[in-house]
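> Submitted below is the structure of interest, expressed as structure tokens.
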Amino acid sequence: MAIDPICRMEVDEKTAKHTSDYKGNKYYFCAASCKTKFDQQPDKYVGEQPKGGCCCCGSC
């Protein structure tokens, strides 16, 4: 399982509908809104640690 870098939810790489490639790495997202947020400012989210609680996608 991958971790969505925006909301920190677990995402199954095999079934993920939303992905982005950035600096040679593939990132997986639980929802289109998380992908969009990442794509706008990827450096802000790469390597970020969990902050607790999801607020962006309404999936959790």
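The values are calculated or read from the model by the stated rules, or taken from the named source; none is laboratory data. This is a predicted model, so every value here is computed, not measured. Counting neighbours? That spans all protein chains shown, and the Cβs are built from the backbone with ideal geometry, glycine included.
> Being touching a residue at least 24 places away in the same chain (Cβ under 8 Å) and not aromatic (Phe, Trp, Tyr) is the filter here, so list the residues in segment 4-24 that pass it.
ASP4, PRO5, ILE6, CYS7, ARG8, MET9
> If we scan segment 5-18, do we find a residue that is over 12 Å from the mean Cα position of the chain (by Cα) and modelled with pLDDT of 95 or more?
Within segment 5-18, one or more residues are over 12 Å from the mean Cα position of the chain (by Cα) and modelled with pLDDT of 95 or more.
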